[in-house]
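Here, each number is a calculation from the coordinates, and none is a lab measurement. Note that the structure is predicted; figures quoted are calculated from it, not measured. Cβ sites come from the backbone with ideal geometry, for glycine too, and all protein chains shown count toward neighbours.
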């Protein structure tokens, strides 16, 4: 299997735009997933009876095969980026919801009690005490969701999107390995860079975790 | 002043935590709630700032019924120190202390300036402010907990076994600091502990609870030790309660005379006349000199250990002023007991009651 380096040179513009399109789909999905998961996780954390239901629901959604989700969405949102993003978002929920609930659970009772005893109201406690302390566990979920989404975007090639995934179909159809290899390498690179960026973000957001005595 | 009037607390599972409690906690005094676990002392404390709501009865702080006030605002007006400090792990020490002033809308700059001031008040170095709680020792964390409770200068301070998780040496230091602070600040303090020695040390009044949430006796430490209401209280105070009473009296009134000369044992002093040790032919026994403010208990202990039965007395600078005999100490110890049995208590109570009146 040889790589046709000149093909890469001739297609740098295409590769760049595919990479950005790929990343954009994945990040949008994670962002939307967080927007949905946060309030749901707070509900699941506070209302015990709903907890099993919400976590179970996110599990069920996760078991739907990815191609099936895109097919199911076709009548609603068509062959668009929207379909890709909705599909990916559904998959992020299982990790993001579970990790956010677990993150909130991990906040020590003593700390929450102290916040209450100092006269902090519940919403402020959530925003300034519970979420910051849950952040490391939530961020662990965000990292998994991001890497997972980056790898999943390619599946959306079936509905004409798919970012770098388009290189795979292109390569397979023409029996020409270069685009496939380039696609795999770029997807991997994207995942590694995105993960490193998230680690850096977490470092910035959790100054109290830096210097362990 | 904090008043409990016929307060009951029954939890949903049916256990009664507090049973028909009527109690007054005097203004500017330290009331210690003491008893074994499950006796309702912590529940009693937590009902004051509405962390727990009473099932029936009325609790008033400064004359106002607590249940008639907004719970969050009430809590901001009452300092609270929890066991193992309960500090916010994600906030610096300074921001931890600034919590309540920030909630009250004092602005970040002003709140931090106040927090820096309090670091000094509780005996922490200024550079501790930039650290995170996990970078401090247990004792230091507890000091931060106290500073945080004092930040908005609340008239009332609730302390729930605040020194329960630190070692005995640090615990004694923290108790000393609290007594020193209280002399300056005159807060109305409610202090929960299961350690009777801590209660005797810190309390102007001690309330003893029995399992099931019954208040058995509430009195000044000296009165409690001299006249326990029943066997339960007597047992709780322990077999050495006679000695504990002596820990409340000082050495000041015990007469002293010049150090003996020419006997078997000589008290050796240095050039500055600071006592060093008792000496006889071929032997030296170290001496622990005592000041007027030291307790009769410490004096008794020292006189028992002394080869001559004499204790060395020094002034504030540590210079020898004289010696006191075992007999004199015994006589005063006996007098202290007689006094406590007949009077309501020591001067400490009278002061507190005067302040409350």
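Here the contact order of chain B, divided by its residue count and restricted to Cα pairs under 8 Å and six or more residues apart, works out to 18 percent. A simple spin-label model places pseudo-atoms 7 Å from Cα toward Cβ; at residue B:339 and residue B:165 they are separated by 4.0 nm. Which one of B:67, B:16, B:266 has the biggest mean-square fluctuation once chain B is modelled by GNM with Cα springs under 10 Å? Per the Cα network of chain B with a 10 Å cutoff, B:266 tops the list.
Here segment A:5-62 and segment A:97-158 have alpha carbon centers that stand 15 Å from each other.
Under conditions of 4 °C and 1.567 mPa s, segment B:1-136 yields 76 µm² s⁻¹ as its translational diffusion coefficient, taking Rh as the Kirkwood radius over Cα pairs in the Stokes-Einstein equation. Applying Stokes-Einstein at 10 °C and 1.306 mPa s to the Kirkwood radius of chain B, computed over alpha-carbon pairs, gives a translational diffusion coefficient of 71 µm² s⁻¹. Helix B:168-185 axis versus longest C-alpha principal axis of chain B: approximately 70°, rounded to the nearest ten. Working value for segment A:57-178: equivalent-ellipsoid semi-axes of 40, 15, 11 Å, each the square root of 5 times a Cα gyration tensor eigenvalue, largest first. Equivalent-ellipsoid semi-axes for the protein assembly as shown (Cα gyration tensor, √(5λ), whole Å, largest first): 69, 30, 18. Taking the inverse of the mean reciprocal distance over all distinct Cα pairs, the Kirkwood hydrodynamic radius of segment B:61-189 comes to 14.9 Å. Length available on full extension from residue B:173 to residue B:5: 0.36 nm per residue minus the Cα-Cα distance, which gives 56.9 nm. If R0 is taken as 30 Å, the Cβ-Cβ distance between residue B:58 and residue A:113 corresponds to a FRET efficiency of 0.75. A Förster radius of 25 Å, combined with the Cβ-Cβ distance separating residue B:134 from residue B:197, puts the computed FRET efficiency at roughly 0.25. Averaging the Cα positions of each part gives two centres, and for segment B:163-229 and segment B:34-68 these lie 18 Å apart. Expressed as a whole percent, the proportion of Cα-Cα pairs in chain A lying more than 29 Å apart is 37%.
The base-10 log of I(q)/I(0) for segment B:168-290, evaluated at q = 0.10, 0.12, 0.17, 0.22 Å⁻¹, reads -0.52, -0.68, -0.96, -1.27 [Debye formula, identical scatterers on Cα atoms, solvent excluded]. Label-to-label distance for residue A:20 and residue B:104 is 5.4 nm, based on points extended 7 Å past Cα in the beta-carbon direction. Axis angle, to the nearest 10 degrees, between helix A:12-46 and the longest C-alpha principal axis of chain A: 20 degrees. Spin-label model, residue A:7/residue B:319: points 7 Å from Cα along the beta carbon direction are separated by 10.0 nm. So what's the angle, to the nearest 10 degrees on a 0 to 90 scale, between helix A:66-77 and the longest Cα principal axis of chain A? Tilt of helix A:66-77: around 90 degrees. For segment B:246-357, the Stokes-Einstein estimate of translational diffusion at 37 °C and a viscosity of 0.692 mPa s comes to 217 µm²/s, using the Kirkwood hydrodynamic radius over alpha-carbon pairs. Applying 1/(1 + (r/R0)^6) with R0 = 45 Å to the Cβ-Cβ distance of residue B:185 and residue A:63 gives a FRET efficiency near 0.15. Computed over the alpha carbons of segment B:1-44, Rg followed by Dmax gives 11.5, 36 Å.
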